[in-house]
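Undergrad: Would you mind keeping the following structure in view while I ask a few things?
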Amino acid sequence: MVEAGADGSAPGSQGIGTSPVRPDGALKVRGEFAFSSDLWADDMLWGATLRSPHPSATIRSVDVTAALAVPGVYAVLTSADVPGDRYYGLEVADQPVLAVDEVCYRGEPVAVVAADHPETARRAAARIVVDYAVREPVTDPEVALAAGRLVRHVPIRKGDPAAAAEVVVVGEYRVGMQDQAFLGPESGLAVPAEDGGVELYVATQWLHADQRQVAAALGLPAELVRLSLAGVGGAFGAREDLSMQVHACLLALRTGRPVKMVYGREESFVGHVHRHPAVLRYEHGATRDGELVYVRARILLDGGAYTSTTPAVVANAASLGVGPYRVPNVTVDAYGVHTNNPPCGAMRGFGAVQACFGYESQMDRLAEAVGLDPVELRVRNALAEGGTMPTGQVVRGPAPVARLLELVRDRPAPPPVGAELWQLPGGMANTTAPEQVVRGVGYAVGIKNVCFSEGFDDYATARVRLELIGGEPTALVHTAAAEVGQGLVTVQAQIARTELGVERVVVATADTAVGSAGSSSASRQTYMTGGAVRAACRAVRAALITRLAGGRAGATDDGGGRVDEGGPELAGGALRDAAGRVLGTLVDLLAAGPVEETVRWRHRPTRSLDPVTGQGDAHVQYAFAAHRATVDVDPELGLVRVVEIATAQDVGRAINPQAVVGQIQGGTAQGLGLALMEELQVVDGVIRNPSFTDYLIPTVLDVPPMAVDVLELADPDAPYGLRGVGEPPTISATPAIVAAIRAATGVPLARVPVRPEHLTGTG
């Protein structure tokens, strides 16, 4: 439980539109914040996992005798020990809790061990004998598609499929497998309960989805599987799927003792999903003056061994696959397939990242073909409010695509190539001379859906209690929304202060004792849980108005979380009329006891895409961002330094301006990583670089200065007019950087990340 914003600020200064101090900020800076890997319990055991060394094999037998003989071992479990459902999954239950009769990727869990020391548990796991019949893995997504290993095909059909154009550009592009690379490994603590249930303290993105899957695997009713959010060291999509949750609970219930599991870094790389690698083939047709006539695309996504969120990723790649442009004729086919590569699922940008690299690379080629400036071509074809997507959906809110592009274009250019070593592509290695450096500038703009789509029953629940504590009106906000570093705890408190007119707000630890808030993904939590907190606060206000009138306060939720917004307002510790006159103070109104309301809040409805034409109002909201990247390149050595990034994004309403800029900067850095360095090297189904020594992520020395323009053009359907922020900057950062490298070198780069050998012609 956290009291948010107790930083000595003046009263009324910490509502929406301000940037109060984060309650976890100082603790994290000082290294005092408790992450899930720091959990501890008396009499605790440690869990370890035995994983498959093969990408594909049948299991003839599993012998745990030697492991059980290790002193200090309390339990060794295989699939035969799973009391409930032996398969789980976010959308399709196809992933085994522990391998049943086969393994489908290298690193798949086969058995788990509980022991009195982590090293003992690992040694015991290594003594388990598994007899495998190794099979030839299918690791090429094209081969998988031909073999019928299809997860989902989403076609988009708009206009004339045979439309012709005066100018045509065709390209094939590839996106490598990116990892979320969070610093806090998968970890948690399971504690057996006296009622036969289990308490699980875990770093996750979606407590209730975990609860549903864990309870099914344990064969227990959901109410006996109670989850609380532990400190999360980053997520970016990889914590949507289960990792150690079921395993720790199985071991705790078998041994009757608390069991802690913490993955090492190499295990983390195989213990969670990754970004889908993609092969994208595009054909763009336009008039000689650059007006788009048609786009035809084939997008193939490698989903790896199990389904995870691949169906939704495919839908995003298809429905957003031509970008934020007006295109009268569209033919898109997006496919997701099963291979024996590591499972892929949610990662920041979720299908839109891969597509954006394809269509923005094409827009640069088209600009060259018609003789237009790349920004001018994009502006000429830019989507606007009231425009129609390839799915037939009309864009209901602002779509300032042209304005965002113009903002980044008109930013002052960064200083010329520097003479200091640290300013050159080779850095302090002293490999690059200033005279051999070439500079390039590139642009990109992207589009992303916000919230869950295609008719999914997307909602969030919030419970708000207003009471006197020590004579001071205090709000308690309780949701199951996962704080994964994005600042959601602060945002919930800001909304409560704004709506209830109080300064003291306590945000309870997220857990399953309150209704679901959905996942901390899809840029949805401020929209959804923020909307739920706002609605619950307004229900509290309605109850106070009833109490003021001498009636009895009652529930005001209509099932959709819609609460009347009219009537007196709460401000300055009192109910006030439209003229600001005090109708009753909170101290007096709460003297009769607390007021508590729980609201389940939903966004406007969506519907599934038509399976033949891909038409339908599938998305709640669209978000847009643009980037300009400036790079210096040493073509001889293939070295790149990003000198500056200018970015512009429409956020609808900046609930917390400082957090908004932080999300834009962080998302841009992740896009830089995909452009230049981040790729899991998977060879024959085996990850060859499962460490931060070999899997490189941008450091403070790699991330350049960023010029950020934030637009606040209110979305008419969203709480406070806000728009999801977290994903759009990742989407357009990557193609902008690659475009800048192309501009500097003239090399027709068609794959990310860009490697030195791509620039030197040696690979």
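Undergrad: Nearest 5 percent is fine: what portion of the DSSP beta bridges confined to region 426-545 is antiparallel?
TA: 65
Undergrad: With no solvent and one equal point scatterer placed on each C-alpha of the chain, evaluate the Debye formula and give log10 I(q)/I(0) for q = 0.08, 0.09, 0.10 Å⁻¹, two decimals.
TA: -0.68, -0.86, -1.05
Undergrad: Principal axis extents for region 248-290, Cα atoms only, whole Å, descending order, please.
TA: For region 248-290, the Cα spread along each principal axis is 73, 20, 15 Å.
Undergrad: What translational diffusion coefficient, to the nearest whole µm²/s, does region 277-428 have by Stokes-Einstein, given a Kirkwood radius computed over alpha-carbon pairs, a temperature of 10 °C and 1.306 mPa s viscosity?
TA: Taking Rh from Cα pairs, D becomes 91 µm²/s.
Undergrad: Right, here's the next one. Once phi is turned into ³J(HN,Hα) by the Karplus curve 6.51 cos²θ - 1.76 cosθ + 1.60 with θ = phi - 60°, what whole-Hz value does each residue of region 117-124 show in order, with x for glycine and proline?
TA: Result, ordered by residue: 8, x, 5, 4, 4, 5, 5, 5 Hz.
Undergrad: Restricting to bridges with both residues inside region 180-248, how much of the DSSP beta-bridge set is antiparallel, in percent to the nearest 5?
TA: 50
Undergrad: Quick one: with all protein chains in place, what share of the accessible area of the chain is carbon or sulfur, to the nearest percent (1.4 Å probe)?
TA: In the chain, the share of accessible area belonging to carbon and sulfur is 53 percent.
Undergrad: Continuing with this model, one more query. Kindly report the accessible area of region 205-244 per residue (heavy atoms of protein chains, probe 1.4 Å, no ligands, DNA or RNA), in Å².
TA: Per residue, region 205-244 has an accessible area of 25 Å².
Undergrad: Still on this model: Per DSSP H run of at least 4 residues, take -39500 (n - 2.57); add these up for the chain, divide by its residues and hand me the 222 nm value, nearest 500 deg cm²/dmol.
TA: Only helices count here, giving -7500 deg cm²/dmol.
Undergrad: Output the antiparallel fraction of DSSP beta bridges having both residues in the chain, as a percent to the nearest 5.
TA: Here the antiparallel bridges make up roughly 80 percent for the chain.
Undergrad: Still on this structure, please answer the following. Determine the dipole magnitude for region 440-559: charges of +1 sit on the beta-carbon of Lys and Arg, -1 on that of Asp and Glu, nothing else is charged, the reference point is the Cα centre, and the result goes in debye to the nearest 20.
TA: With Lys and Arg at +1 and Asp and Glu at -1, about 320 debye.
Undergrad: If you take the square roots of the eigenvalues of the alpha-carbon gyration tensor of region 354-510 and sort them as a ≥ b ≥ c, do you get rounded (a/c under 1.5), prolate (a/b over b/c) or oblate?
TA: oblate
Undergrad: Roughly speaking, what is the centre-to-centre gap between region 436-512 and region 341-411 when only Cα atoms are used, to the nearest Å?
TA: Using only Cα atoms to place each centre, the spacing works out to 28 Å.
Undergrad: Still on this structure, I have one more. List the lysines whose Cα lies under 22 Å from the Cα of Lys448, skipping any in the same chain that are fewer than 8 positions away.
TA: Straight-line reach from Lys448, under 22 Å: Lys158.
Undergrad: Right, something else. Excluding residues on the same chain fewer than 8 positions from Lys260, give the lysines whose Cα lies under 26 Å from its Cα.
TA: Excluding near neighbours in sequence, the set is Lys28.
Undergrad: Now, a different point. For region 231-342, what number results from the quotient of the Cα radius of gyration and 2.2 N^0.38 Å?
TA: Scaled against compact globular proteins, the figure is 1.56.
Undergrad: How many angstrom lie between the C-alpha centres of region 175-213 and region 671-716?
TA: Taking the Cα centre of each part, region 175-213 and region 671-716 sit 24 Å apart.
Undergrad: Stokes-Einstein at 10 °C, 1.306 mPa s, Kirkwood radius from Cα pairs: D for region 8-68 in µm² s⁻¹?
TA: Translational D for this selection: 88 µm²/s.
Undergrad: What nm value, rounded to one decimal, do you get for the distance between Arg60 and Val168 when each label is placed 7 Å out toward the C-beta?
TA: Result: 5.6 nm between the two label points.
Undergrad: Sticking with this one: Please work out the Cα center distance from region 252-266 to region 577-594, rounded to the nearest Å.
TA: Cα centroid of region 252-266 versus Cα centroid of region 577-594: 50 Å apart.
Undergrad: While we're on this one: Before I look further, what does region 42-88 give for accessible area per residue, probe 1.4 Å, in whole square angstrom?
TA: It amounts to 47 Å² per residue over region 42-88.
Undergrad: Hey, rough spin-label estimate for Thr287 and Ala433, points 7 angstrom out along Cα→Cβ, what's it come to in nanometres?
TA: For Thr287 paired with Ala433, the spin-label model returns 5.1 nm.
The values are calculated or read from the model by the stated rules, or taken from the named source; none is laboratory data. Nothing here was measured: the structure is a model prediction, and the numbers come from that model. Methodologically, a virtual Cβ is constructed for each residue, glycine included, from the backbone with ideal geometry; neighbour enumeration extends over all protein chains shown. When the accessible area is computed, the model is the full protein with side chains, heavy atoms only, and any ligands, DNA or RNA have been set aside. Shrake-Rupley method; radii C 1.70, N 1.55, O 1.52, S 1.80 Å.
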